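Below is one structure; the comments refer to it alone.
The values are calculated or read from the model by the stated rules, or taken from the named source; none is laboratory data. Nothing here was measured: the structure is a model prediction, and the numbers come from that model. Note that each Cβ is placed from the backbone with ideal geometry, even for glycine, and that neighbours are counted across all protein chains shown. Side chains are part of the model used for accessible areas, which takes the heavy atoms of the whole protein and leaves out ligands, DNA and RNA. Shrake-Rupley method; radii C 1.70, N 1.55, O 1.52, S 1.80 Å.
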Amino acid sequence: MTDLEDKLSRALSGAALDAPQAPAGLLAAVKTRHRRRRARSAALTAAAAVVLVAGGVGVVVNTLGVAAEPRPAVSATGEGGPPLDKVPPPVEKVWPQAVHKIPAKLPDGRKYYPQLLLDDRTLLVMTGVSDGKRQYLWSYELSTGRPKRIAEIPSTKGSAIFADDVAAGGGHIVWWASVKEKGGPRVARIWTVPATGGRPRRVTDVPLGNVMKEGHIQGLSVTGSDVAFSYEKGGVYRVPLSGGSPQPVKGAERHHILSWPWVGLHQGKSIFREMLNVETGARNVAVVKTGEEVRCGVERCWGTLGRYETVKVPERRDRSGKVITCGGRKCPKTLQTRTVLRGFVRDRDGSHEREMTKLLRDGGVEAGLERFFQVASVGPGEQFYAALYDADTGKSADLGIRPEDGRGMAMPDSGSDRLLAYEVGDKMYVLDLAAIK
């Protein structure tokens, strides 16, 4: 073991708690299957990270020396979360009212990508995402398996991204595309179409700066007769669905959209601790204790308590004696590691706290409807599996996901909304988390 590995092992030993050593190759075997609307940020994060393994816990350490992001232990036992050492019952047995198993392709053989639930019975899907062909939005009746084409997504010369951040409300569907036409600046072009179908109409072009530094837009929402969005750097805006220029929302100049009309601040490692209702003016500041890193919803917060330690990084050279660089620049001389002491989920006012140590190793993880958490673990015979854990009831369910031909296990998108959709064989599992009481 090198000096760096020895120091990292000691610094991270607390994060492993009493978990056995992770099986070799676990981090490489588990990946996340993101819906198109979130894939970009995940790719940028991965490009700037280095994976280290110590004490049975995988840790992503930002090469710029920012805080580490611990991953869940994979076979922990004891209190503080779901029993990760055994495979729970299948999800269709635990929550049959929430599960729809439908063909993974449309009747004409097209591969589709679920976007959101338009209602209890209708799934909004997109085709043409990965095959380079024309893209379409469809409504899919879960009870009959009957698809209906809503619209073709306009293809604009100079577009870099098609149909990102799809949202719906009030009978309207909206999305945006990153566009840079010749001689013009890059913009986020917002489109809309009736949920019943029709021809897409351009709402507005939102100016974008240096997207590598400032990001795009996010949190697209239909708010009555308007569309709302926020910049990734902060700042909430509204624009009429009928068209016009985006106008800043008063009092939300540094905020991000949480769940309309609630917007909030990203303050270091406290995400949405402070939130504001832009329609009523109501404000709320969640209880966060010293040393905690949290992500909050409208009603709850979840995260971890931990401590940081700075470790020195020895200079590395190749066989010729040349210093090895990090992406063409000097590697950092120190790294910050974080030891997770405890994980939790609780109401914003600090009440009803439940321990989630084995599951919440990263305060930035999202929770479906603020209660459902995904976990990748290992069952009997060192078999990988993915489970869904309900923090309200303590129930766990096997999602049925297994490693694919030795290439890894694709976890579904862990968004905060009601939809969880993923493929198993030739079936698409569509989980409506709102149906679970």
- Task: Name the residue farthest towards the positive end of the dipole of region 178-221 from the options Leu208, Ser178, Ser221, assuming +1 on Cβ of Lys and Arg, -1 on Cβ of Asp and Glu, about the Cα centre.
- Result: Ser178
- Message: Just to be sure I understand the model, the point goes 7 Å from the Cα along the line to the Cβ. What's the resulting Lys437 to Arg319 distance in nm?
- Response: 6.8 nm
- Item | Amide hydrogen neighbours beyond the local backbone of Ala151, cut-off 5 Å, H modeled | Leu137
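Which order do you get for His255, His100, His352 if you rank them by accessible area with a 1.4 Å probe, largest at the top? Please list the in-between numbers first.
Numbers: His255 15, His100 55, His352 125 Å².
My answer, sorted largest first, is His352, His100, His255.
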- Message: Rounded to the nearest 20 debye, what is the charge dipole size of region 130-275 about its Cα centre when +1 sits on each Lys and Arg Cβ and -1 on each Asp and Glu Cβ?
- Response: 300 debye
- Note on the structure: Given Cβ charges of +1 for Lys and Arg and -1 for Asp and Glu, the option among Tyr429, Gly368, Pro314 whose Cα lies farthest towards the positive end of the dipole of region 296-437 is Pro314
- Task: Note down the magnitude of the dipole of region 286-437 about its Cα centre, charges +1 on Lys and Arg C-beta and -1 on Asp and Glu C-beta and zero elsewhere, to the nearest 20 debye.
- Result: 1080 debye
- Within region 169-274, trypsin sites (Lys or Arg not before Pro) in DSSP loop having at most 11 other beta-carbon neighbours inside 10 Å: Lys182, Lys250
- Query: Any idea what the dipole of region 306-380 comes to, in debye rounded to 20, about its Cα centre with Lys/Arg Cβ at +1 and Asp/Glu Cβ at -1?
  - Reply: 680 debye
- With DNA, RNA and ligands ignored, accessible area of Trp262 (1.4 Å probe; Å², nearest 10): 50 Å²
- For region 392-437 and region 259-337, what is the separation of their Cα centres, given in Å? 27 Å
- Note on the structure: Quick note, region 264-403: a/c under 1.5 would make it rounded; otherwise a/b > b/c is prolate and the rest oblate (a ≥ b ≥ c, C-alpha gyration tensor); here it is oblate
